[in-house]
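Notes follow once the structure below has been shown.
The values are calculated or read from the model by the stated rules, or taken from the named source; none is laboratory data. Everything numeric here is computed off the predicted structure, so don't read it as measured data. Don't worry about glycine lacking a Cβ; one is built from the backbone with ideal geometry, like all the others, and counts go over all protein chains shown.
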Amino acid sequence: MSNEDILVFGGTGSKRLTQAICATLEIAPGKNETLRFSEGNLFVRILENVRGRRVYLVQSTGYPANDNFMELLFWIDAFKRASADTVTAVVPYFSYGKGDKKDEPRVSIRARVCADAIEAAGADRIVTMDLHAAQIQGFFRIPVDDLYGLPVLCDAMLAKKKENLIVVSPDTGFAKQARKYASYLKTGLAIGDKERVAHDEKAEILDLIGDVANKTALIVDDMTISGGTLVQMAHLLMEQGALDVYVLVTHGALSSEGVARIDDSPILRVLMTNTIETQPCELTDKFEVVSVAPLFAEAIRRIHNKESVSVLFPN
């Protein structure tokens with residue numbers, strides 16, 4: 001089956017990524033439009049025939065998260081009502097992933113609500129990247145392919161030809177995933193001891209487990225919002241003798257305050273993917289964006305041709 005049979009559409013949350021995915025697949029993006037009315041309502045419209053076709057919709061749910069999430073639902077519904085055979089929702093950044101459990105009384109499990117809404121809208125499959133918690137896959141009753149930004153970020157770091165690297169997990173919760181980074185890069189691992197006591201995007205790093213003296217430290221994480229944890233960790237690493245500090249993060253859900261905080265920190269460079277392209281601020285030269293378009297394009301191609309997607313996962 002040729003790539004010409006693949007129909008990929010993009011929402012306003014992932015316009016550039018959609019273009020890059022389609023360029024990799026050597027196809028033209030599907031024709032569609034999103035209108036925003038003065039009272040805040042959204043209106044989506046498909047501008048070509050999709051009857052009986054297998055459709056792939058790329059829509060990240062970064063800033064503004066609620067607008068982009070509602071647009072995702074409207075697109076899924078529009079394609080189903082236009083008689084598309086199947087709709088695969090490609091959601092590079094699943095924004096409510098942190099709401100994956102009821103960790104205190106009288107709170108919503110937000111990720112489950114989002115999963116239910118996506119299913120109710122009519123999605124047949126989900127393709128995403130670095131979910132905040134693996135258990136979110138179980139919130140869906142449809143197939144979920146959770147891709148990894150790890151190989152793309154690690155290859156970009158290896159291209160810099162830095163020696164004596166050590167991977168650093170910002171907390172114990174990310175230690176298992178950080179070990180995969182260390183295995184890929186063939187380096188050691190250090191782990192931060194972090195405590196978060198509120199929902200104000202602030203956490204305190206209490207200690208560091210591991211020797212980082214005279215090494216280039218690579219802080220790895222699935223996402224950053226305020227940059228606070230990364231900056232605290234960077235200061236601690238430099239105090240303990242690290243030569244340089246780099247950051248490898250999949251989702252850069254940054255605000256202007258977060259960019260400024262990182263810009264004024266000891267962090268030498270932040271490598272992040274283009275799963276989010278709607279940050280409400282300009283990124284500075286300290287940030288390097290690496291594209292995951294080839295990875296998503298290959299996942300779409302494999303799904304469309306009924307081939308295994310598991311070969312895209314790092315061992």
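Screening the stretch 80-96 for residues that are in contact with a Ser or Thr (Cβ under 9 Å, 6 or more places away or on another chain) and not in a strand (DSSP E or B) and picking the one that is surrounded by the fewest Cβ atoms within 10 Å (Cβ to Cβ) gives Tyr96.
Return yes or no: is Val58 closer than 30 Å to Glu4 by Cβ, in the same structural domain as Leu25 (by TED's automatic domain parsing), in contact with a Ser or Thr (Cβ under 9 Å, 6 or more places away or on another chain) and among the hydrophobic types (A, V, I, L, M, F, W, C)? Criteria met by Val58. Does Ser291 count as polar (S, T, N, Q) and without any contact (Cβ under 8 Å) to a residue 40 or more places away in the chain? So Ser291 fails the test.
Conditions (1) surrounded by fewer than 18 Cβ atoms within 10 Å (Cβ to Cβ); (2) out of contact with any Cys (no Cβ under 9 Å at 6 or more places or on another chain); (3) not in a loop (DSSP other than H, G, I, E, B), marked per residue:
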site: Phe9; (1), (2), (3): no, yes, yes
site: Gln19; (1), (2), (3): yes, yes, yes
site: Ala23; (1), (2), (3): yes, yes, yes
site: Gly30; (1), (2), (3): no, no, no
site: Glu33; (1), (2), (3): yes, yes, yes
site: Glu39; (1), (2), (3): yes, yes, no
site: Arg51; (1), (2), (3): yes, yes, no
site: Leu57; (1), (2), (3): no, yes, yes
site: Gly62; (1), (2), (3): no, yes, no
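Of the strands (runs of 3 or more DSSP E) contained entirely in the stretch 121-180, those carrying at least 2 residues that are among the β-branched types (Val, Ile, Thr), more than 12 Å from Asp222 (Cβ to Cβ) and out of contact with any Cys (no Cβ under 9 Å at 6 or more places or on another chain) fall at 125-129, 165-169.
Taking the conditions (1) crowded, with 16+ Cβ neighbours inside 10 Å; (2) outside the structural domain of Pro64 (by TED's automatic domain parsing); (3) within 28 Å of Tyr96 (Cβ to Cβ); (4) not hydroxyl-bearing (Ser, Thr, Tyr) in turn, Asp244 satisfies each one other than (3). Taken over the stretch 264-303, the residue count meeting the criterion of being among the β-branched types (Val, Ile, Thr), in contact with a Phe, Trp or Tyr (Cβ under 8 Å, 6 or more places away or on another chain) and assigned to a loop (DSSP other than H, G, I, E, B) is 4. Going through (1) β-branched (Val, Ile, Thr); (2) assigned to a helix (DSSP H, G or I); (3) surrounded by fewer than 16 Cβ atoms within 10 Å (Cβ to Cβ); (4) touching a strand residue (DSSP E or B) at 6+ places or on another chain (Cβ under 7 Å) one by one, Ile118 falls short only on (3). Scanning the stretch 69-79 for residues that are surrounded by 24 or more Cβ atoms within 10 Å (Cβ to Cβ) and under 16 Å from Thr128 (Cβ atoms) gives Leu72, Trp75, Ile76. Against the condition without any contact (Cβ under 8 Å) to a residue 40 or more places away in the chain, outside the structural domain of Asn274 (by TED's automatic domain parsing) and either touching a strand residue (DSSP E or B) at 6+ places or on another chain (Cβ under 8 Å) or not hydroxyl-bearing (Ser, Thr, Tyr) (or both), how does Ile21 come out, does it pass? The answer is no for Ile21. Of the set (1) farther than 21 Å from His251 by Cα; (2) in contact (Cβ under 8 Å) with a residue 60 or more places away in the chain, all apply to Val90 but (1).
Among the residues of the stretch 135-150, those that are loosely packed, with under 13 Cβ neighbours inside 10 Å and not basic (Lys, Arg) comprise Gln135, Gly138.
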